[in-house]
Amino acid sequence: MELPTQTYRVTRADLVRYAGASGDFNPIHWSDRTATGVGLPGVIAHGMFTMALVGRAVAGWAGAPDAVVDFGVRFTRPVVVPDTDEGTEIEVSAVVKEVTEEGLTRLDITATCQGEKVLSQARALIRATR
Amino acid sequence: MSLDPSFVGRTYPPTAPYQVGREKIREFAAAVGATDPVHHDPEAARSLGHSDVVAPPTFPVVVTMAASRQIVEDPALGVDYSRVVHGDQRFAYTRPVVAGDELVCVSTIEEVTSRGGHGFLTTRTDVSTVDGEPVVAVWSKIVVRGEA
């Protein structure tokens, strides 16, 4: 079963806000000078910010934010965030792979930016909501 | 860069307790756009059986940061932080983190490998309350990029 695709806009302001809230102030997430200096095309989103957006999608599909039992991803491609009002967009979709004997639902998740997958092995295990 | 495989199995001392604040959860939830009342309104959280507002699923990274630093900044291991990129991340929850939790992290190095000139380091951080109740296990794999 395919779950409805969720789309999230990501701007530089979102990255600055996430840096402050998470405590991850690595300058590759806010300074083009630093990002290009280490060979990136420009400022990139925190991997954990992308994962947090996926977490929102999972919580939405589960029907409850506290239903997630296991959640893992592999970061395969950076999410480049241009310094524009539009920023970029991340699309998150998932399919239900199975319902385990314990009644947990396993999701296989796909996250893309500009048509390219930015995560692999993205999976979540959620329990039925009350 | 090659990392010393003899570090596999090494466990670091518990971190100082992290006091999970209600406003920190609200701030983090707002920063990731998590608007569900369970993250913001203690009454909404209590109606779902939690003692206070519930942290979004990736919030434990805020708590495990000190533990990660312990390892990445271990001079004996010798990770060059400017060459680190995030590889994998996983959370296995016993229960969600809620405001009021006092959490302690114990980290273990699970895997050290080298491939194609890059080093790979997998750590497991067990997050539990100061009373020893397990809350979440956090796995993180970092890649230490080799010199180009």
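The values are calculated or read from the model by the stated rules, or taken from the named source; none is laboratory data. On a predicted model such as this, the values are computed, not experimentally measured, just so you know. Note that we place each Cβ from the backbone using ideal geometry, even for glycine, and neighbour counts take in every protein chain shown. In case anyone asks, the SASA skips ligands and DNA or RNA and just uses the protein heavy atoms, side chains included. Shrake-Rupley method; radii C 1.70, N 1.55, O 1.52, S 1.80 Å.
Figures for the structure shown
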quantity: Cα-centre dipole for chain B with unit charges at Cβ (Lys and Arg positive, Asp and Glu negative), debye to 20; calculated: 340 debye
quantity: Solvent exposure, largest accessible area first (probe 1.4 Å, DNA, RNA and ligands not counted), of B:LEU48, A:LEU107, A:LEU125; calculated: B:LEU48, A:LEU125, A:LEU107
quantity: GNM top mover of A:ALA62, A:ALA111, A:ALA94 - chain A, alpha-carbon springs below 10 Å; calculated: A:ALA62
quantity: With Cα atoms, 0 to 90° folded angle of helix A:47-62 axis to chain A main axis; calculated: 30 degrees
quantity: Global geometry of chain A, whether rounded, prolate or oblate, following the gyration tensor of its Cα atoms and the 1.5 cut on a/c; calculated: prolate
quantity: 28 Å Cα-Cα reach of A:LYS117 towards lysines, excluding residues that sit fewer than 8 places from it in its own chain; calculated: A:LYS97, B:LYS141
quantity: More than 14 angstrom apart: percent of Cα pairs within the range B:75-148; calculated: 65 percent
quantity: A:VAL38 versus B:GLU27: modelled label distance in nm, points set 7 Å from Cα along the beta carbon direction; calculated: 2.3 nm
quantity: Accessible-area value, B:SER2, 1.4 Å probe, nucleic acids and ligands omitted, Å²; calculated: 90 Å²
quantity: Exposure of B:ASP80 as accessible area (Å², to 10), given a probe of 1.4 Å and all protein chains; calculated: 60 Å²
quantity: 0 to 90° range, to nearest 10: angle between helix B:60-72 axis and chain B longest Cα axis; calculated: 20 degrees
quantity: Whole-Hz ³J(HN,Hα) from phi, Karplus 6.51 cos²θ - 1.76 cosθ + 1.60, for the range B:86-97, glycine and proline x; calculated: 7, x, 10, 8, 8, 10, 10, 9, 7, 7, x, 6
quantity: 222 nm mean residue ellipticity, helices alone, for chain A (DSSP H n ≥ 4; -39,500 (n - 2.57); rounded to 500); calculated: -7500 deg cm²/dmol
quantity: Mean residue ellipticity (222 nm) of chain B, computed from DSSP H runs ≥ 4 via -39,500 (n - 2.57), nearest 500; calculated: -5500 deg cm²/dmol
quantity: Local electrostatic count at A:ALA124 - Lys and Arg +1, Asp and Glu -1, tallied over other residues with Cβ under 12 Å; calculated: +4
quantity: Cα long-axis angle, helix A:12-22 against chain A (0 to 90 degrees, to the nearest 10); calculated: 70 degrees
quantity: The range A:13-130, relative contact order [Cα under 8 Å, separation at least 6], %; calculated: 23 percent
